Each structure stands twice: as structure tokens, then as C-alpha cells.
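For reference, the structure discussed in these notes is given below.
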Amino acid sequence: MVIDKIVTGISLKIRKIFDVSYKVYDDNVQQGMEKPCFFINYLDGNENRDIGINKKNYIDILHFDITGFSKNDDTPSLMEMADKLYDLEYITLTNNALIRADKMQSKIEDGVLHFFIDYKLFICKGENDNTQMNNYDLNGEVKKDG
């Protein structure tokens, strides 16, 4: 669910940065692609356990590749697109949460822009199931030598 919210947030922000003439796809379109356009591709992610005493805390890092195609496949247009995509540093999710990109990198290869962006999320997955002791009675005696 989180990945869908991020893809939607990226898509809405791209539509805000660029005018409506830029199409945004979140699925692979083999035919009928209208240029200029962007494809939002989820690459992979990882989850690491974070230190927490009372809760299960995790850090999720999600990696995306935003692929951009200019109208004429010219490098200056792709460089301008890359510059504007750095505004994706902050996006708003569908639940109005604001998240910040952890890492961004752009690359132009064979007339195609690849804009790699990572989002790091801190997630709490609930309480630990630690059983605590209610009462403890201790009786003791002093041992006599004998």
C-alpha cells in the first residue's frame, strides 16, 4: 500500500511541475505512448530493523526510476526535465503525509532520461509481546554453620 501512495504522490507532483501536455504512466505502455512523458517504475526496496525498546521500528528504503522521454528525444530537453525532477525531493502522499527523498540521481542514456530516487520511511509495526511480571516474592534464610 505504501508503494502505491508514493507512486501516486510522485505522479501528482510531476503533473504539478510540468504542464498537462506531459503524460505520466505508472504501467508499461508498449504502444501508443505520447511524448513527452514519464514512466514511474518501482525498482526494489529493503526493510531494516531499527533499534526500539517498546515498539517494532523499521526503516523502509524504496527505490524508483522515473524514465523520461522528450518530444524530440533531444538532450537539452532531457537535461531540463532532469533539473525540474529534483523538485521531487518532497512529495505529499494521499493521506497528506509529507515525505522527503533520501537520494536522487539523474542519467541520460540513449536519448532517455533515467531519474533515480529513493524514499526512506520510518515504520512502526506495533508493540512487542513482552510479558511483564506482576508480583515477585522472595523468602530467604541465613544458613547457620553447624
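Below are the figures for this structure:
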| quantity | calculated |
| --- | --- |
| Residue within the stretch 61-80 that is polar (S, T, N, Q), surrounded by 12 or more Cβ atoms within 10 Å (Cβ to Cβ) and under 17 Å from residue 123 (Cβ atoms) present | no |
| Qualifying residues in the stretch 21-36 (those that are more than 24 Å from residue 3 (Cα to Cα) and of a type outside the set (Lys, Arg)) - the one modelled with the highest pLDDT | 36 |
| Search result, residues across the stretch 58-113 that are over 12 Å from the mean Cα position of the chain (by Cα) and among the acidic types (Asp, Glu) | 73, 74, 80, 83, 87, 109, 110 |
| Selection count, the stretch 77-92, where residues are among the charged types (D, E, K, R) and touching a residue at least 24 places away in the same chain (Cβ under 8 Å) | 2 |
| Residue that is nearest to residue 97 (Cα to Cα) [pool: residues in the stretch 1-20 that are exposed (fewer than 13 other Cβ atoms within 10 Å of the Cβ) and modelled with pLDDT of 90 or more] | 4 |
| Tally of residues being modelled with pLDDT under 95 and either of a type in the set (A, V, I, L, M, F, W, C) or out of contact with any Lys or Arg (no Cβ under 7 Å at 6 or more places or on another chain) (or both) across the stretch 112-138 | 15 |
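The values are calculated or read from the model by the stated rules, or taken from the named source; none is laboratory data. If you're wondering where the values come from, they're calculated on a predicted model, not measured in any experiment. Heads up, the Cβs are rebuilt from the backbone with ideal geometry, glycines too, and the neighbour counts pull from every protein chain shown.
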